[in-house]
1. Give me the orientation-averaged projected area of the Cα convex hull of segment B:246-329, in nm², one decimal.
2. Loop-only check: which trypsin sites (Lys or Arg not before Pro) in segment A:102-207 are DSSP coil with at most 14 other Cβ within 10 angstrom?
3. Need one number: % antiparallel among DSSP beta bridges in segment A:2-214, to the nearest 5.
4. With only alpha-carbon atoms in the gyration tensor, what are the semi-axes of the equivalent ellipsoid for chain B, in Å, largest first?
5. Which Cα, out of A:P64, A:Y41, A:A249, lies furthest along the positive dipole direction of chain A (beta carbon charges, K/R +1, D/E -1)?
6. Any chance you could give the angle, 0 to 90 degrees and rounded to 10, that helix B:79-92 forms with the longest Cα principal axis of chain B?
7. Can you tell me the accessible area per residue over segment B:46-170, all protein chains present, probe 1.4 angstrom, in square angstrom?
8. Got a number for carbon plus sulfur as a percent of chain B's accessible area, 1.4 Å probe?
Amino acid sequence: MNIVVLVKQVPDTWSERRLRADDSTLDRDAADAVINELDDYAIEEGLRLQEAHGGEVTIVSMGPQKAADAIRKALSMGADKAVHVTDEALRGSDGLVTSAVLASVLGRTGFDLVILGSESTDARMGTLAAMLAERLGVPQMSFASKVETDGSKITIHRQADYGYDTVEGALPAVVSVVEKINEPRYPSFKGIMAAKKKPVETLSLADLGMDASQAGLAASATQVVSFANRPPRAAGTIVTDEGDGGAKAAEFLASRKFI
Amino acid sequence: MPRTTAPAPTDLLRIDDELSDEERLVRDTVRTFAADRILPNVADWFEAGTLPRELFPEIGKLGLLGMHLKGYGCAGMGAIAYGVACRELEAADSGLRSLVSVQGSLAMFPIWKYGSDEQKEEWLPRMAAGEAAGCFGLTEPDHGSDPGSMKTHAIRNGADWVLTGTKMWITNGGIADIAVVWAATDSGIRGFLVPRGARGFTARNIHKKLSLRASITSELYFDDVRLPGSAVLPGVTGLKGPLSCLSEARYGILWGVTGAARACFEAAAEYARTREQFGQKIGGFQLTQRKLAWMLADLQRAQLLALHLGRLKEAGQITPEQVSLGKMSNVRTAIDIAREARTVLGANGVTLEYPVIRHANNLESVLTYEGTEEIHTLALGQAITGISAYR
């Protein structure tokens, strides 16, 4: 099975993240860069499906040169090869542009299954799976907490507030995963050594037959027009236990849909 | 692996920028593993005086065990990557780094370097995977800094050897599947592979220690243990065998302690930023700032020293005297930082709620094991003056 996992490098959620004052795009120098957390789960699921069904896992990442670190980690976890789309003209691309670029890459690599995290921790749009599926003309299987396939058919548990839906489709397909799906492995040191020898193809927009005018901030359908820092956290609610503390705590949790 | 941890902003000199891509990935992997698996539990392990045996295969799966050796299931990484891994482990706890040092540098290294092909095939892949634990028996109850006077001895009996003696302060001894034991013979000191369960071989764990509590320390007894001729390490005779292993392990220590020191510094800096006295953050007091500034300067010097020695080691040029200097200097720096950090945390500094007293107590052992500070000092004294002060 030809499995492609889409990986995005994002600023570490543990560091302070900022937007640039000049064009409201992400300030990539302000924070340490790591693999988008949900993409770790996508990589793990790709590797597990490969271990069960054979084939290859290809990592595709669009991002600046530094995204090579994210690709290296994915290869160290066990993926076979990678494609890195990097081009100065891509800076500021929104979801729509990103999906066009990635669809073009997927047209080159071919695929039976595309796996990605259901959202990134920076933009948090959560729309890429849908956009890609539409552009590629394949089923969209989103928010998967479980994936099963026999090589021609795919069944997922689609995570929902009330539990899950069982959704079935035909391959090829695009699957977005949630963190409930698995427990990602660590890169092993042998994997880190092996990754040095794995092929990484670096592509520019021109290599994909795309023009710089089709990408970046200017070509994007959406733009950040203004932004403000989050207001300081408001004071919490104090509930005095008058014999009904348990009920009140349960009410609070229910109001936030925790239970 | 629920989250990835980025490097802490305590590397003012950007020393880690000198690391290669692979070395950084090793750093981040061990740091994440420590954050996931070690840090949430280590204070409890320390208090209970235990270390879960199942950590062995987990650490083996990462590739930490014998990571700097080539072949036999080992990752074959460079000396700097090994040092960085030791550093990140010891930032969690010296006991965990000790486990890796002992397995990789003291138990696997002599088999890898001096063992027969059969010995390597039998033990190294399982030890690399963490399926088999190893230990290193050199120190004795009455012979620590002076191992050449050891009482443990092995005598030939036909094709076999008969091993008799006692070894003391043996890390991982009680859980070891294989003990690398150094014993005096007619032809000099030789290394023997003694498997768990060999008749006459028993291990007793040492309790009531207040340092390296998240680490198994044992006493090993060999009561006329009969071993086949194939149990001896064929590749080395004399004290240089165990001393070469110790040089490997000491190299890991001089990196490792910079992790413990960094953890203490980070705890002190964080505490200083949040703790208030006299109506202001204690980080605003000049005495506290002075402490933090010197801790950082000392820490970064130790890190630079480790990196420099790593480069010498990768170039194949490192000498035992250089390792002595690094071990002596960096452990002393680390213990000073730990104690200084403790004063910043005040009374909170003595509890296991914070990592500082745990590191400070651990470093008391690290100061003494693998060559005491005194012996390394005298090794340097001899290198400088040409006169041996102790033998």
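1. Working: hull surface 22.9 nm².
Averaged projected area of segment B:246-329's Cα convex hull equals 5.7 nm².
2. Working: sites: A:R108, A:R124, A:R135, A:K146, A:K153, A:R158, A:K180, A:R185, A:K190, A:K196, A:K197; in loops: A:R124, A:R185, A:K196, A:K197.
The qualifying sites are A:R124, A:K196, A:K197.
3. Numbers: 17 of 42 bridges.
Roughly 40 percent of the beta bridges in segment A:2-214 run antiparallel, per DSSP.
4. On the way: eigenvalues 266, 91, 83 Å².
Each semi-axis is √(5λ); the values are 36, 21, 20 Å.
5. A:P64
6. Tilt relative to chain B: about 60 degrees.
7. Working: 4110 Å² over 125 residues.
Accessible surface, normalised per residue, equals 33 Å².
8. Working: 8420 of 15890 Å².
In chain B, the share of accessible area belonging to carbon and sulfur is 53 percent.
The values are calculated or read from the model by the stated rules, or taken from the named source; none is laboratory data. Predicted, not measured: the structure shown is a model, and the values here were computed from it. Note: ideal-geometry Cβ built from the backbone for every residue, glycine included; neighbour counts use all protein chains shown. Accessible surface is based on the protein model in full, side chains and every heavy atom, while ligands, DNA and RNA are left aside. Shrake-Rupley method; radii C 1.70, N 1.55, O 1.52, S 1.80 Å.
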